[in-house]
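What follows is one structure encoded as C-alpha cells, with my remarks underneath.
The values are calculated or read from the model by the stated rules, or taken from the named source; none is laboratory data. Here the structure is a predicted model, which is why all the values come from computation and not from measurement. Cβ atoms come from the backbone with ideal geometry, glycine included; neighbour counts cover every protein chain shown.
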Amino acid sequence: MKKALITGVTGQDGSYLAEFLLEKGYEVHGIKRRASSFNTDRVDHIYQSPHAEQQRFKLHYGDLTDTSNLTRILHEVQPDEVYNLGAQSHVAVSFESPEYTADVDGMGTLRLLEAIRFLGLEKKTRFYQASTSELFGLVQEIPQKETTPFYPRSPYACAKMYAYWITINYRESYGMYACNGILFNHESPRRGETFVTRKITRGMANIAQGLEPCLYLGNMDALRDWGHAKDYVRMQWMMLQQDSAEDFVIATGKQISVREFVQMSAHYAGMEVGFSGAGLGEIATVTAVTDEAKAPAVKAGDVIVRVDPRYFRPAEVETLLGDPAKAKDRLGWQPEITVQEMCEEMIASDLGIARRHALLKQHGHTVSVALE
Ligand code: NDP
Ligand code: GDR
C-alpha cells in the first residue's frame, strides 16, 4: 500500500486530494494545525477513528514552521509521496502578514525538502509543490505557460517563488523526484469564505435568503482562469506518477471577470442583475427575480453589490489566463467541470447553508453570516 503525506489536509485541496488518494487505495497521512476549536470540517466525512482496525486516514499535529515536528512525522510515516499544500494562501492577507507568509510558504517548503534529504528519503519520496499562477503576477505573456517569465506582485507570490525554485534546486542537486504544479485559481463549495468566488456565492445566497442586504467587493475588473478543485487535485497526483519529474501549468484556458462571476452567481441564485456606475461608485442592481423559491427576500431594484476600497490590494494581479497544453499533451489531463457548472454547484451548496441559517434566525438563534 502506497503512503502519502499531505500538508494542508484541512484545506480545500487537501480534503479533495485525501478523498482521491483514499479511493486509489493509499494510506493517507495529513498534517493539521493545533487550533483552539475543531478545524477539520472539510475532512470530517473521511475521518477514521485511531481505534478502528484498518485506519487508512491518519492526522498528525504539525506546522510548516516547525522543523523538528516535520522531520519526526516524515521519519514516522516514510511516505512514498509528499504533497505540500499547506500555506498561508490568501494573497490580500500576505500584505498584512508578509513575514509569516514567507516563513510558511517559502521556508516551510525548504524545511520539508531538507527533512526528506536529511532522513535519506530523497530516492524514495516523491514531492509535489503547490505552486501558483500568482508567480506570473504582472503578466509578461498571454496566455501563461511553463516558460512564461515570472513577475510576482505580493508577499505571497514572492514566498511561492522561493518555494518554486528550491523545489527545482533539490531536484537538480540531489536527484529528487520533486515537481511544481503551477495551478491557476480553483474553487469549489469547500473554498475558503474570503476568496472572491466563495465570497460571492455565499453573498448571493445570503442576500437571496434575506440574511444580508448587500455584498461589498474590491476590484470587479480582475480576470481569472477559474477551474474546479476536484479536477486540479487529480492532476497533482498524475504529476507524481511519471518517469521523471517535470513542472506543469494547470488551467482551463478560459477567463472571466469578477463582475461576470457575480452575474453568473446571481443567476443561479434566482436573480438577474445589471451593473451601473464605475470604479468606486459601481453597483449591481436586481433587474428581475427569476426564482422566488431561491430568492424570496429580494425584489427588482435592490442594490446587492457595492465596491469597497478596503478590498483593493497594494499591488493587484489584473489578469491571469493559463495555457494547459503541456498537461494535455503529456499527461492527457483536461478539466471536466466548467466554471458555470462549478458556480451552480457552489450556489446550490451556499443556498442550502443560507436556508438553514435563515431558519435558525427565525427561531431566535444567532447565526454568523458576515461576508467580510
Ligand atoms: P487553503 O487555504 O484552503 O488551505 C491551506 C491549508 O494550509 C490549510 O489546511 C491550512 O490549515 C494549512 N496551513 C496554513 N498555515 C499552515 C502552517 N503554518 N503549517 C501547516 N499548515 C498550514 O488553500 P487551498 O487548498 O486552496 O490551496 C492549497 C495550496 O495550493 C496552497 O499552498 C495554495 O497556496 C496553493 N494554491 C491554491 C490555488 C487555489 O486556487 N486554490 C491556486 C494555486 C496554488 P488550517 O485549515 O488550519 O488553516
Ligand atoms: P487570488 O484569489 O488572489 O487570485 O488567489 P482571490 O479569490 O482572493 O482574488 C481573485 C481576484 O478577485 C479580486 N477581488 C476580491 N478578492 C477577494 N478575496 N475579496 C474581494 O472582496 C474581492 N473583490 C475583488 C482580487 O483583487 C483578485 O484580483 C487565489 C489563492 O487561492 C492563492 O492561494 C492562489 O495561489 C491563487 O488564487 C492562484
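Pairs meeting the criteria (first residue in segment 201-224 and within 12 Å of Ala266 (Cα to Cα), second residue surrounded by 24 or more Cβ atoms within 10 Å (Cβ to Cβ) and of a type in the set (Asp, Glu), beta carbons under 6 Å, at least 6 apart or on different chains) are Thr201/Asp350; Arg202/Asp350; Ala205/Asp350.
Per the listing Phe127, Phe95, the residue uniquely within 24 Å of the chain's Cα centre (by Cα), more than 13 Å from ligand 1 (Cβ to nearest atom), in a helix (DSSP H, G or I) and at pLDDT 95 or above is Phe95. Restricting Gly137, Gly210 to those that are within 14 Å of ligand 2 (Cβ to nearest atom), farther than 24 Å from Tyr16 by Cα and not in a helix (DSSP H, G or I) reduces the list to Gly137.
What number of residues within segment 38-80 satisfy the criterion of being assigned to a loop (DSSP other than H, G, I, E, B) and within 11 Å of ligand 1 (Cβ to nearest atom)? Even if it seems obvious, please write down each step before you answer.
Residues of segment 38-80 that are assigned to a loop (DSSP other than H, G, I, E, B), as a first pass: 38-40, 47-56, 62-66, 78-80.
Retained after the next criterion (residues that are within 11 Å of ligand 1 (Cβ to nearest atom)): 38-40, 62-66.
Adding up the residues that qualify gives 8.
Scanning for something among the hydrophobic types (A, V, I, L, M, F, W, C), within 12 Å of ligand 1 (Cβ to nearest atom), part of a helix (DSSP H, G or I) and closer than 20 Å to Leu121 by Cα, does segment 185-203 turn up at least one residue? No, segment 185-203 contains no residue that is among the hydrophobic types (A, V, I, L, M, F, W, C), within 12 Å of ligand 1 (Cβ to nearest atom), part of a helix (DSSP H, G or I) and closer than 20 Å to Leu121 by Cα. Suppose the filter is buried (at least 20 other Cβ atoms within 10 Å of the Cβ), touching a residue at least 60 places away in the same chain (Cβ under 8 Å), assigned to a loop (DSSP other than H, G, I, E, B) and more than 12 Å from ligand 1 (Cβ to nearest atom); does Met176 pass it? Judged against the criteria, Met176 is a match.
Filter segment 108-134 for residues that are in contact (Cβ under 8 Å) with a residue 40 or more places away in the chain and small (Gly, Ala, Ser); which is farthest from ligand 2 (Cβ to nearest atom)? Per the stated criteria, the residue is Ala115.
Has segment 43-66 got any residue that is more than 24 Å from Tyr16 (Cβ to Cβ), in contact with an Asp or Glu (Cβ under 9 Å, 6 or more places away or on another chain), β-branched (Val, Ile, Thr) and buried (at least 16 other Cβ atoms within 10 Å of the Cβ)?
Taking segment 43-66 as the starting set, the residues that turn out to be more than 24 Å from Tyr16 (Cβ to Cβ) are 51, 53, 65-66.
Retained after the next criterion (residues that are in contact with an Asp or Glu (Cβ under 9 Å, 6 or more places away or on another chain)): 65.
Filter again for β-branched (Val, Ile, Thr), leaving 65.
Now narrow it down to the ones that are buried (at least 16 other Cβ atoms within 10 Å of the Cβ): none.
No.
One residue stands out in segment 247-260 among those that are crowded, with 16+ Cβ neighbours inside 10 Å and part of a loop (DSSP other than H, G, I, E, B): the one that is nearest to ligand 2 (Cβ to nearest atom), namely Ala251. For segment 16-26, check the following and say yes or no: at least one residue is under 27 Å from Asp231 (Cα atoms), within 16 Å of ligand 1 (Cβ to nearest atom), assigned to a helix (DSSP H, G or I) and not hydrophobic (A, V, I, L, M, F, W, C). Yes, segment 16-26 contains a residue that is under 27 Å from Asp231 (Cα atoms), within 16 Å of ligand 1 (Cβ to nearest atom), assigned to a helix (DSSP H, G or I) and not hydrophobic (A, V, I, L, M, F, W, C).
Taking Gly270, is it at pLDDT 95 or above, more than 15 Å from ligand 2 (Cβ to nearest atom), within 30 Å of Thr366 (Cα to Cα) and buried (at least 19 other Cβ atoms within 10 Å of the Cβ)? Talk me through it step by step, then tell me what you get.
On the way: at pLDDT 95 or above: yes; more than 15 Å from ligand 2 (Cβ to nearest atom): yes; within 30 Å of Thr366 (Cα to Cα): yes; buried (at least 19 other Cβ atoms within 10 Å of the Cβ): yes.
Criteria met by Gly270.
Being within 16 Å of ligand 1 (Cβ to nearest atom) and surrounded by fewer than 19 Cβ atoms within 10 Å (Cβ to Cβ) is a property that Glu146 has.
Being outside any helix (DSSP H, G or I), among the polar types (S, T, N, Q) and surrounded by fewer than 17 Cβ atoms within 10 Å (Cβ to Cβ) is the filter here; which residues of segment 314-372 pass it?
Gln334, Thr338, Thr366, Ser368
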